[in-house]
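Here the structure comes first, spelled out in structure tokens, and everything after it is commentary.
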Amino acid sequence: MKYVTGLHCIKCGKEYEADPERYLCDDCEDGILDVDYDYQKIMAEWSKEDLKANPDQRIWRFEPLLPIKPETEKPKLAVGDTPVYNSPVLAEEFGIKKLIIKDDGLNPTASLKDRASAMAVVKAQEADAKTVACSSTGNAASSLAGNIASMGGRMNAVIFVPDRAPAGKLAQLLIYGADVVSVKGSYEEAFYLSAEAIKKWGWYNRNAAINPYLVEGKKTVSLELAEQLEWEMPDWLVFSVGDGCTIAGAYKGLYDLKQIGFIDRIPRLLGVQAEGCAPITEAFRTGEELEVTAENTIADSIAVGKPRNWLKAVRAIRDSAGEMINVSDDQILAMMRNLGKKTGIFGEPAGVAGMAGLKKAAAEGIIKRDQSAAVVITGNGLKDVKNARRAAGNPIEVEPDLEKLTAIFVEQGVT
Ligand SMILES: *Cc1c(COP(=O)(O)O)cnc(C)c1O
Ligand SMILES: [Zn+2]
């Protein structure tokens, strides 16, 4: 917290003290807050060399840019330090100059959400709370449950999930020992029930969209990517978009880095939504208030018909001179298979939606042939095996007989 100067409302600008339990502006409906830093002071006291010399590879290595007290105990899971790959094969296929892939599905509970949940565990302690609650379509919840479990029984997670959550995510929650409430209804209804319960029992609130600190956790994805790319940013940076916190967080990280002189330009952000649930794309295109939509997509992690952080997301994308694009479920499924086959990276539907959007944006000339892009795979494919099987089809079935196998191989051209 050494460099945090306070919070401000993104709607009216009103300023608040950075209290761990301050979530929203008192004066505005949906008055989402943003954390402010003293960049001059950070610049004077922290350098790229200091960062390089820090042996902690987890997200906490960026502590000067995080709203935490240094002494607060961190969850034990090693969140962050996910790998980046250069994929000339896919760059050529998409018709762009260079393609960097960051696989954030390799976080400890297998999604980018670990970055926010690790932060929630820290902020809950700073608020003297032992129980943290959230409603989630899956990954926010499973990451919270895992990070809480890593505290060794001293904290507890209560999770509200809509009943459509994929089996892998639900299994994670139960294995990590959370109290799991499966709400017979939509994400929206699960969200409201959790909000009421949080109020009633006074738990810490890990609902990412309204908790300003969690976006600060998510921003470590771009802090980390920038460091891994040795501060040479690509022309475009691509994320799938649900509630809007991830892309807004990614922008905040880039903004911070520019303010302290670690990077000299912010890449253009490409936000990708599913065709069957694209309220933020719509608001981005019309410039109007967000209109709630249905949630018709297999990409459960971005199926958010009433996103709460849409304004922060839209502004982030605009401020970066970015774009938004929608992809169909078929394009997502095809990309799951294509990515897996050509790179060995296995993403869940929402995890690869960004990649599907990148391909489409390149085909439409939004991303040009001489431009480079980085895309973040936000969640691992093993979380949602049912859709992976839809994407990938069936194995060859054969009796244990070499002649029959040979006949099938000849027929299918396998050599
Ligand atoms: C949460 C999530 C997203 C989108 O993040 P938002 O903050 O909701 O926009 C994308 N992919 C995966 C796998 C996620 O879990
Ligand atoms: Zn306000």
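Calculate the spin-label point distance for Glu364 paired with Lys386, positioning each point 7 Å from the Cα along the beta-carbon direction, and give it in nanometres.
The two pseudo-label positions are separated by 3.0 nm.
Quick check on the range 306-402: what are the equivalent-ellipsoid semi-axes from the Cα gyration tensor, as sqrt(5λ), descending, whole Å?
Taking √(5λ) for each Cα gyration eigenvalue gives 32, 16, 11 Å.
Where the centroid of each part is defined by its Cα atoms, how far is the range 134-172 from the range 329-353 in Å?
24 Å
For the chain, compute Rh as the Kirkwood radius over C-alpha pairs and then the Stokes-Einstein diffusion coefficient at 4 °C and 1.567 mPa s; write the answer in µm²/s, rounded to an integer.
For the chosen part, D equals 60 µm²/s.
Please get the size of the charge dipole for the range 272-313, origin at its Cα centre, with Cβ charges of +1 on Lys and Arg and -1 on Asp and Glu, quoted in debye to the nearest 20.
The dipole of the range 272-313 has a size of about 180 debye.
Given an 8 Å cut-off on Cα distances and at least 6 residues of separation, report the relative contact order of the chain as a percent.
RCO, the chain: 16 percent.
Just from its helices, what would the mean residue ellipticity at 222 nm be for the chain, if runs of 4 or more DSSP H residues each count -39500 (n - 2.57) and the sum is divided by every residue, rounded to the nearest 500 deg cm²/dmol?
About -12000 deg cm²/dmol.
Return the Rg/Rh value of the range 171-260, two decimal places, where both radii are evaluated on C-alpha atoms and Rh is the Kirkwood radius.
1.09
How big is Rg to Rh over the range 27-155, alpha-carbon atoms, Rh as the Kirkwood inverse-mean-distance radius?
For the range 27-155, the value is 1.03.
What dipole magnitude, in Debye to the nearest 20, does the range 1-78 give about its Cα centre under +1 on Lys/Arg Cβ and -1 on Asp/Glu Cβ?
Magnitude of the dipole: close to 520 debye.
Tell me the carbon and sulfur percent of the accessible area for the chain, rounded to whole percent, probe radius 1.4 Å.
Answer for the chain: carbon and sulfur cover 49 percent of the accessible area.
Answer rounded, prolate or oblate for the range 300-353, using the Cα gyration tensor with square roots of eigenvalues a ≥ b ≥ c: rounded when a/c is under 1.5, else prolate when a/b is larger than b/c, else oblate.
Verdict is prolate for the range 300-353.
What ranking, highest mean first, results for peptides 268-275, 359-366, 281-288, 244-251 when packing means the other Cβ atoms within 10 Å averaged over each residue?
244-251, 268-275, 359-366, 281-288
Could you work out how far the C-alpha centroid of the range 9-85 sits from that of the range 260-312, in angstrom?
Computed from Cα coordinates, the inter-centre distance equals 23 Å.
Checking the table Lys252/Lys359; Lys41/Lys200; Lys69/Lys306 against a 31 Å threshold on Cα-Cα, which pairs fail?
Check vs 31 Å cut-off fails for Lys41/Lys200; Lys69/Lys306.
So if each residue of separation counts as 0.36 nm, and I subtract the Cα-Cα distance between Asp34 and Asp163, what length gain in nm does that give?
The span from Asp34 to Asp163 would gain 43.3 nm if fully extended.
Could you tally the net charge around Val221, taking each other residue with its Cβ under 9 Å from the Cβ of Val221, Lys/Arg +1 and Asp/Glu -1?
Once all neighbours under 9 Å are counted, the net charge is +2.
Relative to the compact globular guide of 2.2 N^0.38 Å, what is the alpha carbon radius of gyration of the range 218-286, as a ratio?
Cα-based Rg divided by the globular estimate yields 1.17.
So how strong a dipole does the chain carry about its Cα centre when Lys and Arg Cβ are +1 and Asp and Glu Cβ are -1, to the nearest 20 debye?
340 debye
Looking at Gly354, Leu333, Ile366, which one has the Cα that reaches farthest to the positive end of the dipole of the range 332-415 (charges on Cβ: Lys, Arg +1; Asp, Glu -1)?
Most positive-ward Cα: Ile366.
Counting only Cα atoms, I'd like the Rg/Rh figure for the range 46-91, Kirkwood definition for Rh.
Dividing the radius of gyration by the Kirkwood radius yields 1.11.
If you roll a 1.4 Å probe over the heavy atoms of the protein chains, what accessible area per residue do you get for the chain, in Å²?
42 Å²
Work out how much length Lys14 to Ser47 would gain on full extension: take 0.36 nm times their residue separation and subtract the Cα-Cα distance, in nm to one decimal.
Once the chain is fully extended between Lys14 and Ser47, it gains 8.8 nm.
By average Cβ neighbour count within 10 Å, what is the ranking of 255-264, 225-234, 312-321 from highest down?
312-321, 255-264, 225-234
Pull out the extension gain between Gln259 and Arg154, defined as 0.36 nm times the separation in residues minus the alpha carbon to alpha carbon distance; nm, one decimal.
Difference between extended and current length: 34.0 nm.
Give Lys97/Lys342; Lys342/Lys386; Lys98/Lys258; Lys184/Lys218; Lys97/Lys169 a once-over and call out the pairs whose C-alpha atoms are over 24 Å from each other.
Too far apart for the 24 Å limit: Lys184/Lys218; Lys97/Lys169.
The values are calculated or read from the model by the stated rules, or taken from the named source; none is laboratory data. Computed from a predicted structure; not experimentally measured. Cβ sites come from the backbone with ideal geometry, for glycine too, and all protein chains shown count toward neighbours. We work out accessible area using only protein heavy atoms, side chains counted, and drop any ligands, DNA or RNA first. Shrake-Rupley method; radii C 1.70, N 1.55, O 1.52, S 1.80 Å.
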